[in-house]
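Written below as structure tokens is the structure these notes are about.
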Amino acid sequence: MSEVVATICQMCDAGCAMDVHIKNNKIIKVEGNRNYPTSLGGLCSKGLSGIQFEYDPKRLLHPLRRKGERGGGKWEEISLNDAMGLISRKLEEIKETDGPQALCYYRGAAPGWGTNYQYVRRFMNLFGSPNIASHSHICSVPRWLAKASVYGTRPVCDFEKTNFIIIWGFNPAETKPFSAKRIFDAKERGSKLVVIDPRFSPMASKADIFIQPRPGTDGALALSMMHIIIKEQLYDKDFVKNWTVGFDELKKMVEEYPPEKVQEITWVPVNTIKEVARLYATTKPACIHDGNGLDQHTNVVQTVRCLAILQAISGNLGIIGGELFSPELLFGDILLQEKLPKEPGPIGKHPLFYNIWGLGWPEVQDTLFSGKPYPIKAMIVQGGCPVVINSDSDRTKEALRKLDFLVVHDIFMTATAELADIILPAATFLERTLLYKFRYIWRPDAYTNLIGLQNKAVEPPEECLSDQDFIFRLARKMNFGDYFPWKNIKESIDEELKPLKITYEELKKSVTGISVRFREEDLIRNYEKGGFQTPSKKVELYSGTFKKFGYDPLPNYLEPAESPISKPNLAKDYPLVCNTGKKPAVWTHTQYRNLSLLNRVDPDPIVEIHPDKAKELDINHGDEVIVESLRGSIRLKAYLTEVTDPRVVFITHGWGQPYAKGPIINRLTDNSERCPISSATGNRSFLCRVRKVVKEDL
């Protein structure tokens, strides 16, 4: 007879409930838990392939030490104890000779954020290094920074009670299906849906109005909408008067963005800009949900500031059916921030971004090449792959080779692990226990926060450590045991839950999680009780903080760094705008291309080309083509489709792991020109050319 363990799937970050059927410590079936308030019994193709992921024959099962030159592919197995000893001794040596700041810890999304990331920060604070990095500069954090600069935090959309929804650079129909369900339910109830995306996505197919801007020009579109709303006196005058600063400066600036001018920038027709601006301003209540499609541009922060300002001047903040500010849940503070020395500071040059999350990869790469402001000698990479996920992968590899010591903790031999000195095998999500905190994750509604528990379903292979276990073991090896006193993960979870007066055992018994629900009356215009979380306590349309740090205090439009407008001479040789943001539902970032169940659904990396452009280039559907940028070239299959503008091509995101197949997509993207506020790179708005593979290429 089989045992059933209730857990939370982590094949992506949606947090769906999963029932795992086990017999003799072997998983025999997974299925959705019908009682869970977010996923409602559903599991997508990724979740259903969890068994194949668990038992993939390419998994790393033993620690490996490099033999020979870095990247040479020669390894020897060593014991887990020996590996941890080597790591701790090498880190001690580097700390002694170069200082604790010479260690950088790079975290990816695969282990999950929340608890795991906080223990990384605890370890690094004790070690004495401020240098924690990730791919966050191209995923979410630039948008968080933008919203924090306007109203101090991030609101959530009240989809269940709204009458008008703008989905901007977000395709939940493929990437967040349960969030998409909430939107579709709202539409069925009568809410109007506008989708703004340079690609006609599955989400766009459900829209009442679809807008297709040139990639990276969303900021100009939003400013033109403001131009209409302000010029026609459609904004919320009471809210603007009482709760904003900088409206006069904003009003003057948006005069420069009439729809006739913005049509030339964005390719969006004048009448469409006017129609959507008026509908958004006059339909109450309304909300805007932005997504990762806005992140990977060199103007992301100012663009999302524009969206945040639209939400504010339209009077949709803090109202039912609009954008609600739900309070943070009070978990235990486990960071030990006071242990981190004040000097030296982090290597980065983007302090506002760093204060929210840490370092983006471009700042680490700059330091690896320059040695300034001080050298980085060692790096731990956990659950991430900077080579595949970050821009200009060839340059990233070159940077990693400059390290004295590189440790990778992962489930597979990634493109980054190939360059490591020590590789440690990681446990899967089915082999560990983890506290899940669902603030801003795909909650059941805007009024509810959810706390869940990812329960260990099976024991991991003997030398495969969970991410938290690795951090705990390394901390104890480095003589930080007094600060990691918990005998097991359960005790550390109790420590985090203590302020909420919830215990691990209570959470474990509640297979549907524990919900914390806020009353409507506590969320409606709750800013009136103490103001917004900004220096002025008001919505900052003009940011004094940005001015202080040398950034434009108004969200002026910045042309993408590599576009037909900013680089017209380059566009003569590379005439197409390239966007690497096609994200099919079966993949999560750079993961799972090794799973045959998913490969059957989406077997090849492709480039989407409009049929008219393909005809001009003598390319047929299914042809092998070469896509080339200034950085390099890759081979892909051509997929002819009308979802894209003839002047734009789309490439599937995330291919390139050596344990799977396909080229590294980010050989094409640029890492030299970046968002001045967040260091985001233009992976979704750069120039390329496409040609059919000929005999000479073979």
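If you go through the range 529-548 and pick out every residue that is over 29 Å from the mean Cα position of the chain (by Cα) and in contact (Cβ under 8 Å) with a residue 40 or more places away in the chain, you end up with 1.
Does at least one position in the range 149-156 carry a residue that is surrounded by fewer than 24 Cβ atoms within 10 Å (Cβ to Cβ) and of a type in the set (Phe, Trp, Tyr)? The answer is no, given that none of the residues of the range 149-156 is surrounded by fewer than 24 Cβ atoms within 10 Å (Cβ to Cβ) and of a type in the set (Phe, Trp, Tyr).
Of everything in the range 279-300 that is of a type in the set (A, V, I, L, M) and within 22 Å of Leu193 (Cβ to Cβ), the residue that is surrounded by the fewest Cβ atoms within 10 Å (Cβ to Cβ) is Leu279.
Within the bounds of the range 321-337, is there any residue that is assigned to a helix (DSSP H, G or I) and either touching a residue at least 24 places away in the same chain (Cβ under 8 Å) or under 15 Å from Lys147 (Cα atoms) (or both)? Scanning the range 321-337, I find at least one residue that is assigned to a helix (DSSP H, G or I) and either touching a residue at least 24 places away in the same chain (Cβ under 8 Å) or under 15 Å from Lys147 (Cα atoms) (or both), so the answer is yes.
Within the group Pro213, Pro258, which residue is more than 26 Å from Leu324 (Cα to Cα) and touching a strand residue (DSSP E or B) at 6+ places or on another chain (Cβ under 9 Å)?
Going through Pro213, Pro258 in turn, the sole match is Pro213.
Yes or no, residue by residue, for (1) in the same structural domain as Phe650 (by TED's automatic domain parsing); (2) farther than 30 Å from Ala585 by Cβ; (3) of a type in the set (A, V, I, L, M, F, W, C):
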| residue | (1), (2), (3) |
| --- | --- |
| Met203 | no, no, yes |
| Gly216 | no, no, no |
| Ile229 | no, yes, yes |
| Val304 | no, no, yes |
| Ala308 | no, no, yes |
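Checked against (1) part of a loop (DSSP other than H, G, I, E, B); (2) surrounded by fewer than 19 Cβ atoms within 10 Å (Cβ to Cβ), Lys252 passes all but condition (1). Every test in (1) surrounded by fewer than 23 Cβ atoms within 10 Å (Cβ to Cβ); (2) touching a helix residue (DSSP H, G or I) at 6+ places or on another chain (Cβ under 8 Å); (3) within 27 Å of Thr244 (Cα to Cα) is passed by Ile319 save one, and that test is (2). For the range 628-667, the tally of residues that are among the hydrophobic types (A, V, I, L, M, F, W, C), touching a helix residue (DSSP H, G or I) at 6+ places or on another chain (Cβ under 9 Å) and either assigned by TED's automatic domain parsing to the domain that holds Ile196 or under 18 Å from Thr590 (Cα atoms) (or both) stands at 7. For Arg122, the criteria (1) among the basic types (Lys, Arg); (2) assigned to a helix (DSSP H, G or I); (3) not assigned by TED's automatic domain parsing to the domain that holds Ile411 hold in every case but one, which is (3). Looking only at residues in the range 161-203 that are touching a residue at least 60 places away in the same chain (Cβ under 8 Å) and among the polar types (S, T, N, Q), which one is nearest to Gly293 (Cα to Cα)? Among those residues, the one meeting the criterion is Asn171.
In the range 255-278, the residue that is surrounded by the most Cβ atoms within 10 Å (Cβ to Cβ) out of those that are part of a helix (DSSP H, G or I) and of a type in the set (Asp, Glu) is Glu275.
When you go through Thr244, Thr217 one by one, which is the residue that is modelled with pLDDT of 95 or more and in contact with a Ser or Thr (Cβ under 6 Å, 6 or more places away or on another chain)? Result: Thr217 is the single residue among Thr244, Thr217 that is modelled with pLDDT of 95 or more and in contact with a Ser or Thr (Cβ under 6 Å, 6 or more places away or on another chain).
Taking every residue in the range 268-291 that is within 18 Å of Cys157 (Cα to Cα) and without any contact (Cβ under 8 Å) to a residue 24 or more places away in the chain and pairing it with any residue that is among the aliphatic types (A, V, I, L, M) and surrounded by 20 or more Cβ atoms within 10 Å (Cβ to Cβ), at least 6 positions away or on another chain, yields no pair with a Cβ-Cβ distance below 7 Å. Of the residues making up the range 264-295, those that are of a type in the set (S, T, N, Q) and at pLDDT 95 or above are Thr266, Asn271, Thr272, Thr282, Thr283. Give the range 405-462 a look and list any residue that's basic (Lys, Arg) and not in a loop (DSSP other than H, G, I, E, B), or say none. Within the range 405-462, just Lys437 meets the criteria. Looking at Ser88, Ser129, can you tell me which residue is more than 15 Å from Ile356 (Cα to Cα), touching a helix residue (DSSP H, G or I) at 6+ places or on another chain (Cβ under 6 Å), surrounded by 22 or more Cβ atoms within 10 Å (Cβ to Cβ) and not assigned by TED's automatic domain parsing to the domain that holds Thr244? Ser129 is the lone residue from the list that is more than 15 Å from Ile356 (Cα to Cα), touching a helix residue (DSSP H, G or I) at 6+ places or on another chain (Cβ under 6 Å), surrounded by 22 or more Cβ atoms within 10 Å (Cβ to Cβ) and not assigned by TED's automatic domain parsing to the domain that holds Thr244. Look at Val625 and say whether it is outside the structural domain of Gln382 (by TED's automatic domain parsing), farther than 30 Å from Ile347 by Cβ, in contact with a Cys (Cβ under 9 Å, 6 or more places away or on another chain) and modelled with pLDDT of 95 or more. So Val625 fails the test.
The set of residues in the range 653-669 being closer than 13 Å to Thr580 by Cβ and surrounded by 23 or more Cβ atoms within 10 Å (Cβ to Cβ) consists of Gly654, Trp655, Gly656, Ile664, Ile665, Asn666, Leu668, Thr669. What are the pairs with Cβ atoms under 6 angstrom where one residue, in the range 18-45, is aromatic (Phe, Trp, Tyr) and the other, located anywhere, is in a strand (DSSP E or B)? Sequence gap at least six, or different chains. Cβ pairs passing all conditions: Tyr36/Ala17. The set of residues in the range 630-651 being among the basic types (Lys, Arg) and over 25 Å from Ala561 (Cβ atoms) consists of Arg635, Lys637. Of all the residues in the range 577-592, those that are part of a loop (DSSP other than H, G, I, E, B) and more than 19 Å from the chain's Cα centre (by Cα) number 0. Consider the range 29-45 and keep the residues that are at pLDDT 90 or above and closer than 12 Å to Val5 by Cα. The one that is surrounded by the fewest Cβ atoms within 10 Å (Cβ to Cβ) is Lys29. Looking only at residues in the range 455-490 that are surrounded by 13 or more Cβ atoms within 10 Å (Cβ to Cβ) and of a type in the set (Lys, Arg), the one that is farthest from Lys437 (Cα to Cα) is Lys477. Only one of the numbered conditions (1) over 25 Å from Arg443 (Cα atoms); (2) buried (at least 22 other Cβ atoms within 10 Å of the Cβ) is violated by Leu307, and that is (1).
The values are calculated or read from the model by the stated rules, or taken from the named source; none is laboratory data. All values reported here derive from a predicted model rather than from experimental measurement. Backbone-built Cβ (ideal geometry, glycine too); neighbour counts: all protein chains shown.
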